[in-house]
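The values are calculated or read from the model by the stated rules, or taken from the named source; none is laboratory data. Predicted model, so just to flag it, every value in this text is computed and none were measured. Backbone-built Cβ (ideal geometry, glycine too); neighbour counts: all protein chains shown. Only protein heavy atoms, including side chains, enter the accessible area calculation; ligands, DNA and RNA are left aside. Shrake-Rupley method; radii C 1.70, N 1.55, O 1.52, S 1.80 Å.
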Amino acid sequence: MDVERYRVPPGSRVELSEWDPEDQQLYNGSKEKGKKALLPLNRRLETLQELLYAENKHRLLVVLQGADTAGKDGTIRHVFEGVNPQGVKVASFKVPTPVELAHDYLWRVHQQMPGRGEIVIFNRSHYEDVLVVRVHNLVAGEVWQRRYEQINAFEAMLADEGTTILKFFLHISKEEQKKRLEERLTDRKKQWKFSRGDLAERQHWDRYTEAYEAMLSKTSTAQAPWYIVPANRKWYRNLVVSQVILAALERLEMRYPEPESGLDAVVIE
Ligand code: AMP
Ligand code: MG
């Protein structure tokens, strides 16, 4: 699977209409087969996460963005299935609290960054500050406009200091969102997820699309690339995200730390 086809090259101008949310070019199996194909990937991630933790050298940040119902929660659940919970943390970014609003927009985000040996998954992120904030004019235009560069500088600093950053935009169609919202309305087990607020956001679909395109065009860098994940099919979305993470971890060429010398002479009585 050459998932690099979904990476946004730095400096390119993204038009989301050119990216097919139904795409499944890298895997021509059925849904059932696609689901099964994730299992060995889960096992590999489990092994690599343990190595990351043991080596205690690198940090990994995974950023998930996407419209309501795009599958941010589902991606976390499925891609990280079976991974030791001790080495992975999820940080979800909601409407900022008064304390968070009293600080700069990166303050709450910086605190959640992974330490050495850790993986942190961002369920939404500092990108909300150029998405919902832009769509709803929550700050003046000149304030959100300068954030793209600020975010690039912030992420460059993190990468220079040893954090691997992978950013995923889960791309669903407007029709697929309709289907998923309808399920939330009618399925007893999904009703808890239904929010009238999501319907209000759906009214702004086109403005969100513009904001996503600007984000993807301006903030996909060599050190912190965006991947546009075809997300209408959940199993395909999971396969793509998993493969990108595995490839990045493998590129780190991690090793178990050298044991202290003289271990061969130690006798356990
Ligand atoms: P959910 O992910 O469904 O729990 O919803 C979280 C909500 O918080 C979404 O509607 C986001 O748009 C909103 N949110 C997250 N970050 C911000 C932010 N910086 N400013 C305003 N709203 C935000
Ligand atoms: Mg929601």
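Brief remarks follow.
- Checking 247, 224, 231 one by one, the residue that is of a type in the set (Gly, Ala, Ser), closer than 22 Å to residue 8 by Cα and within 16 Å of ligand 1 (Cβ to nearest atom) is 231 and no other.
- Among the candidates 117, 66, 87, the residue that is within 16 Å of ligand 2 (Cβ to nearest atom), open to solvent by less than 30 Å² (accessible area, probe 1.4 Å) and either under 22 Å from residue 247 (Cα atoms) or in contact (Cβ under 8 Å) with a residue 60 or more places away in the chain (or both) is uniquely 66.
- Counted residues, segment 199-229 - those being farther than 13 Å from residue 131 by Cα, more than 16 Å from ligand 2 (Cβ to nearest atom) and surrounded by fewer than 16 Cβ atoms within 10 Å (Cβ to Cβ): 2
- Single residue of 138, 106 found to be at pLDDT 95 or above, closer than 25 Å to residue 202 by Cβ and away from ligand 2 (no atom under 16 Å from the Cβ): 138
- A count restricted to segment 181-198 and to residues that are in a helix (DSSP H, G or I) and either away from ligand 2 (no atom under 11 Å from the Cβ) or surrounded by fewer than 12 Cβ atoms within 10 Å (Cβ to Cβ) (or both) stands at 8.
- Any hit, segment 159-173, residues being among the basic types (Lys, Arg) and more than 23 Å from residue 109 (Cα to Cα): no
- So residue 92, is it touching a Phe, Trp or Tyr at 6+ places or on another chain (Cβ under 9 Å), open to solvent by 40 Å² or more (accessible area, probe 1.4 Å), among the polar types (S, T, N, Q) and within 16 Å of ligand 2 (Cβ to nearest atom): yes
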